[in-house]
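Asker: Can you keep this structure in mind? I'll have questions shortly.
The values are calculated or read from the model by the stated rules, or taken from the named source; none is laboratory data. Keep in mind the model is a prediction, meaning the values are calculated, not measured. Backbone-built Cβ (ideal geometry, glycine too); neighbour counts: all protein chains shown. Areas reflect the complete protein model, heavy atoms only, side chains present, ligands, DNA and RNA absent. Shrake-Rupley method; radii C 1.70, N 1.55, O 1.52, S 1.80 Å.
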Amino acid sequence: MILYARDIDRLAQIRRHIDENLDKDLSLDIVCKIFNISSATLRRHFTFYFEKTFHNYILELRLFKASELLYSRSNTISEVCVLVGYKERSSFTRAFTKFFGVAPFAYIKAGQAEIAAALSGTIEQERQLSEQEGHKIEQKGLRACRRPKLPLHHERQ
């Protein structure tokens, strides 16, 4: 399949629209009407260019955004549901659990445990090194903590 520059530009506009309107209804039909493109063409071009279906792209984007928001602990689970475009908390919980293999509440708890383990592990290692080598203890704090890796948006050149 060959995509022309105008097709790639339109896909970039569609992607930008999806990214900016994640909390709104992003059904294939609505996006097709907004960008004046047939659903078959959008499905075919989107899948070819982004290497995932339209639906899966939106699903993954919503769930990774939700994981970021949950990890930051700035919002409740119910608020995160709305911010990423889910109307029902149960639908969000089911999708999140299926995608990540852990419920949102457990994900938050696991993130807290990871931070605590990383901090205690880092401090303990430094204490051991300090005792062995007689050096001062430098607490490095959160440097050892890792956030969940988010996928990069892959585009074909």
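Asker: Would you please list the contacts, defined by Cβ atoms under 6 Å and residues six or more apart or on different chains, that run from a residue in segment 43-65 that is in contact (Cβ under 8 Å) with a residue 60 or more places away in the chain to a residue that is open to solvent by less than 20 Å² (accessible area, probe 1.4 Å)?
Answerer: Qualifying pairs under 6 Å: Tyr49/Leu11; Phe50/Tyr57.
Asker: Given (1) over 30 Å from Ile2 (Cβ atoms); (2) more than 15 Å from the chain's Cα centre (by Cα); (3) among the aromatic types (Phe, Trp, Tyr), identify the lone condition not met by Phe35.
Answerer: Looking at each condition in turn, Phe35 falls short on (1).
Asker: Is it the case, given these coordinates, that Tyr57 is modelled with pLDDT under 90, surrounded by 15 or more Cβ atoms within 10 Å (Cβ to Cβ) and under 23 Å from the mean Cα position of the chain (by Cα)? Explain how you work it out, then say what you get.
Answerer: Working: modelled with pLDDT under 90: no; surrounded by 15 or more Cβ atoms within 10 Å (Cβ to Cβ): yes; under 23 Å from the mean Cα position of the chain (by Cα): yes.
No, not satisfied.
Asker: Something else about it: Taking the residues in segment 30-54 that are among the small types (Gly, Ala, Ser) and part of a helix (DSSP H, G or I) as candidates, determine which candidate is surrounded by the fewest Cβ atoms within 10 Å (Cβ to Cβ).
Answerer: Step one: list which residues in segment 30-54 are among the small types (Gly, Ala, Ser), which gives 38-40.
Still in the running and part of a helix (DSSP H, G or I): 39-40.
Numbers: Ser39: 14, Ala40: 10.
Among them, the one singled out is Ala40.
Asker: Continuing with the same structure: Looking at segment 55-109, which of its residues are part of a loop (DSSP other than H, G, I, E, B) and closer than 25 Å to Ile30 by Cα?
Answerer: Quick first cut of segment 55-109, residues part of a loop (DSSP other than H, G, I, E, B) only: 73-76, 84-88, 101-103.
Selection gives Val84, Gly85, Tyr86, Lys87, Glu88.
Asker: Could we say that Arg15 is open to solvent by less than 50 Å² (accessible area, probe 1.4 Å) and either acidic (Asp, Glu) or at pLDDT 95 or above (or both) here? Can you show your working first?
Answerer: Numbers: open to solvent by less than 50 Å² (accessible area, probe 1.4 Å): yes; either acidic (Asp, Glu) or at pLDDT 95 or above (or both): yes.
Yes; evaluated as a whole, the condition is true for this residue.
Asker: Among the residues that make up segment 88-108, is at least one of them closer than 29 Å to Asp9 by Cα, at pLDDT 95 or above, open to solvent by less than 40 Å² (accessible area, probe 1.4 Å) and touching a Phe, Trp or Tyr at 6+ places or on another chain (Cβ under 8 Å)? Even if it seems obvious, please write down each step before you answer.
Answerer: Kept after step one, since they are closer than 29 Å to Asp9 by Cα, are these residues of segment 88-108: none.
No; the residues of segment 88-108 include none that is closer than 29 Å to Asp9 by Cα, at pLDDT 95 or above, open to solvent by less than 40 Å² (accessible area, probe 1.4 Å) and touching a Phe, Trp or Tyr at 6+ places or on another chain (Cβ under 8 Å).
Asker: When you go through Gly141, Gly85 one by one, which is the residue that is open to solvent by less than 60 Å² (accessible area, probe 1.4 Å), at pLDDT below 55 and of a type in the set (Gly, Ala, Ser)?
Answerer: On the way: Gly85 fails: at pLDDT below 55.
Residue meeting the stated conditions: Gly141.
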